[in-house]
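Undergrad: I have a structure here, written as structure tokens, and I will follow up with some questions on it.
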Amino acid sequence: MYNNDLFKYMQQLHQYIQQQDQRILQLNHLIRELKKDVEKIKSQPVTNVEKIEYKFDQLKVEQLDGTLNIGLNPMTPDQIDNFDVQQKGMNINGVQQQLREQLFRLCSEEINQFLNTDCAGFIEQAEQQFDLRLDEPHRRHIIEDIRKQIESRINYYINGQSLTEQDSLLDKKQEILLQVKKDVENSIMHFLQHLPKES
């Protein structure tokens, strides 16, 4: 009995260390990306605007047309793209929507890979933890039930992100995958924990 408890503890400890190791690798990758971004920002020319005084009482507008550039760097005119103005606000060439769709595809592919390969192993580990034994059809049923809910979970986490072209989709994908996988694992643990044991 003591050896069995020690074995379970060692398994859990090993799994925890692996998760921490994976997290450290992800954080190191994130730090490298942030350093690159900082270096990129440092290398850009700086525009210094001293003091601007507006005297609106002397301003006379007879005709209003042309292009208004707000928040764009005049030093890099190649950044200026066509803007599609919609009633609900500004949509920069549908960039937000394109980024969300691209991020959804990336996340869906990886989560489906996780469900196809690693999820069954996680269920088996959880079964051992709760001293249960499920048959293969039952495991497949759990995975397929989760698969039906995955799309809404991915969209939920994507909609919580504010995306710009400067964001690294790989970093955003990793954040979302960690959250979705955690949700999957928590739901499996909750389901098995409340499953009646056979006498």
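Undergrad: Looking only at residues in region 162-178 that are polar (S, T, N, Q) and surrounded by fewer than 14 Cβ atoms within 10 Å (Cβ to Cβ), which one is modelled with the lowest pLDDT?
TA: For region 162-178, the residue satisfying everything is Gln166.
Undergrad: Shifting gears a bit: Checking the conditions here, which among Gln193, Gln129 is loosely packed, with under 12 Cβ neighbours inside 10 Å, polar (S, T, N, Q) and touching a residue at least 24 places away in the same chain (Cβ under 8 Å)?
TA: None of the other options fit; the residue is Gln193.
Undergrad: What do you reckon, is Gln113 part of a helix (DSSP H, G or I) and either at pLDDT below 85 or touching a His at 6+ places or on another chain (Cβ under 8 Å) (or both)?
TA: In short, no.
Undergrad: Still on this structure, I have one more. Of these, Gln161, Gln174, which one is within 8 Å of the chain's Cα centre (by Cα), of a type outside the set (Phe, Trp, Tyr) and assigned to a loop (DSSP other than H, G, I, E, B)?
TA: Gln161
Undergrad: A further question follows. Do we have any residue at all in region 146-153 that's out of contact with any Gly (no Cβ under 8 Å at 6 or more places or on another chain), of a type in the set (Gly, Ala, Ser), part of a helix (DSSP H, G or I) and surrounded by 14 or more Cβ atoms within 10 Å (Cβ to Cβ)?
TA: no
Undergrad: Could you check how many residues of region 139-168 are within 27 Å of Tyr9 (Cβ to Cβ) and without any contact (Cβ under 8 Å) to a residue 40 or more places away in the chain?
TA: Number of matching residues: 1.
The values are calculated or read from the model by the stated rules, or taken from the named source; none is laboratory data. Computed from a predicted model, the values in this text were never measured in an experiment. Using ideal geometry, Cβ is built from the backbone for each residue, glycine included, and neighbour counts are taken over all protein chains shown.
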